[in-house]
Amino acid sequence: APKKARRRRRMASGADFISGLPDGVREHVLSFLPAHEAVRSSLLSRSWRDLWKQSPALRITEWGTIDDFTSFVYGLLRARLAAPAAPLLSCHFDLVNPCFEQDSEDDDDVEEQVRWVHEALENSWIQDALKCNVQVLRAAFWKDECSLDNAWNFNRPVSKHLKELDLSYARLNEDSNHVVDFSGCPALLKLKMEYCRVSAYQMRSPSLEHLTMVGCYFFHEDECTLILPSLITLELTDCFGRKPLLEDFPLLTTAVVTLDHCCYDNWTRHGRHQDHHGECKCSFDVFFHALSNVSCMELSAPPDLFDFHRDIMPCPEFSKLKTLVLIDWFVADGLRALPWFLQYSPILERLTLEFSSEAQKSSEGTKRSCDALEQSVSSKHLKIVETRCKEEGHGMILVFVLRVLASAPHRGQRNQDV
């Protein structure tokens, strides 16, 4: 057929179908490849020679020897700087447990490899990516032999184009005033930090709307105050050290907070480190006050982390809260926190309660507290109550939860599912 004949003639002439794709499509395809493979596409034909410089994204992963790799990344970013007409939307340094080739038996010094990459990230690569007007920057470097004490330093960024920043295993450097300041990035909307070390009095950004911190270490004698007036969503999960001090977040709508016994404030309350901190300056009620405007909240903590009278009772009313998830800690103190939330969340519509074996151990005495419970529970808008048991043997807790809910004025509503 004529079509097959044309196809054979095209293949015989060395032409290919990919090269005939519309402008921008090939560059988009290259953005999914690791950077060193995208650069190799320049060998395909003359039309591909400089195409990788127009790719909207760079994915930098390890390859070759440490010497070859660092030289390549320096040249790669310099080439992008020389092509300002091509916008760089995303740059990702994915260097978690990199495995570099060895030139000789002397090249297996892990500390030397770490030092090379640290210096390059801190002094050149991050800044070059920002100079390329990158909008989404992700940087992760880690070796199992390292610790957060010698993590790579992320210095104060300055870019009017950066919108999203994702950091892993980094140490955030504060300025001379002990502040981690993102004010130099007026367009920054999203910040995600995983297993980072923060040693500062303050962390601030006037534009940030979404903050996620997972496994971060707040390494300072005093609390790190988060000054983020535009924040909409907040996630703090399994962070270490002193819990951050939250300023008022007038726009905050969603909060997910997971605390554990690594919270330093809890240590001081149980008599540890009294020589350094006789009393904890920041109470949990101050922490919760910043969350009082949220409409959706998830709180997870061991049952013995909070004291009801000290930490919960002074909290303000959650006047906008519609969805609440409580994990484990609500069973402490005879389920006192549960009716408190029901009473001071007047428009609550959905409640989820989740408990594990640790909650079961902390539920002793709950029956006596439930028997003595005469608190008025105002939950006229509550429609759905969901319970989640990770393990068997939580029947008694479930009975006590139902008794608390049954004491509420809404117990005759038909639209309630338990």
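Points worth noting:
- Contacts under 9 angstrom Cβ, first residue in the range 281-295 being over 18 Å from Ile227 (Cβ atoms) and modelled with pLDDT of 65 or more, partner open to solvent by 50 Å² or more (accessible area, probe 1.4 Å) and outside any loop (DSSP other than H, G, I, E, B), 6 or more apart: Phe284/Arg310; Asp285/Arg310
- Scan of the range 61-71 for residues that are surrounded by 15 or more Cβ atoms within 10 Å (Cβ to Cβ) and free of Cβ contacts under 8 Å to residues at least 40 places away in the same chain, ordered by number: Thr61, Glu62, Trp63, Phe69
- Test for Gln274: is it outside any loop (DSSP other than H, G, I, E, B), open to solvent by 20 Å² or more (accessible area, probe 1.4 Å), of a type outside the set (A, V, I, L, M, F, W, C) and at pLDDT below 75: no
- Scanning the range 41-100 for residues that are under 13 Å from Ala129 (Cα atoms), charged (D, E, K, R) and in a strand (DSSP E or B) turns up just one, Arg59.
- Selection status of Glu164, modelled with pLDDT under 80 and either of a type outside the set (Gly, Ala, Ser) or crowded, with 17+ Cβ neighbours inside 10 Å (or both): no
- Qualifying residue in the range 91-103 (condition: of a type in the set (S, T, N, Q) and at pLDDT 85 or above): no
- Taken over the range 220-248, the criterion of being crowded, with 22+ Cβ neighbours inside 10 Å and modelled with pLDDT of 90 or more is satisfied by Leu226, Leu228, Leu231, Leu234.
- Qualifying positions in the range 72-101 - more than 24 Å from Lys163 (Cα to Cα) and either open to solvent by less than 10 Å² (accessible area, probe 1.4 Å) or in contact with a Gly (Cβ under 9 Å, 6 or more places away or on another chain) (or both): Phe72, Pro98, Phe100, Glu101
- Residue match in the range 174-195 (condition: modelled with pLDDT of 85 or more and more than 20 Å from Leu231 (Cα to Cα)): yes
- For the range 305-329, the set of residues classified as in a loop (DSSP other than H, G, I, E, B) and at pLDDT 75 or above consists of Met313, Pro314, Cys315, Pro316, Glu317, Phe318, Ser319, Lys320, Leu321, Lys322, listed by residue number.
- Qualifying residues in the range 196-219 (those that are more than 23 Å from Leu162 (Cβ to Cβ) and surrounded by 17 or more Cβ atoms within 10 Å (Cβ to Cβ)) - the one modelled with the lowest pLDDT: Phe219
- Condition broken by Glu317, with the remaining ones in (1) under 17 Å from Leu236 (Cβ atoms); (2) surrounded by fewer than 19 Cβ atoms within 10 Å (Cβ to Cβ); (3) of a type in the set (D, E, K, R) satisfied: (1)
- The set of residues from the range 183-195 being touching a strand residue (DSSP E or B) at 6+ places or on another chain (Cβ under 7 Å) and either part of a loop (DSSP other than H, G, I, E, B) or open to solvent by less than 10 Å² (accessible area, probe 1.4 Å) (or both) comprises Ser183, Leu188, Leu189, Leu191, Met193, Tyr195.
- Each residue in the range 19-46 was checked for being surrounded by 13 or more Cβ atoms within 10 Å (Cβ to Cβ) and either at pLDDT below 80 or touching a strand residue (DSSP E or B) at 6+ places or on another chain (Cβ under 6 Å) (or both), and 7 pass.
- Matching residues in the range 205-251 - criterion: being part of a loop (DSSP other than H, G, I, E, B) and β-branched (Val, Ile, Thr): Ile232
The values are calculated or read from the model by the stated rules, or taken from the named source; none is laboratory data. Being a predicted model, the structure only gives us computed values, none of them experimental. Glycine also receives a Cβ, built like all others from the backbone with ideal geometry; neighbour counts cover every protein chain displayed. Calculation scope for accessible area: heavy atoms of the full protein, side chains included, ligands and nucleic acids excluded. Shrake-Rupley method; radii C 1.70, N 1.55, O 1.52, S 1.80 Å.
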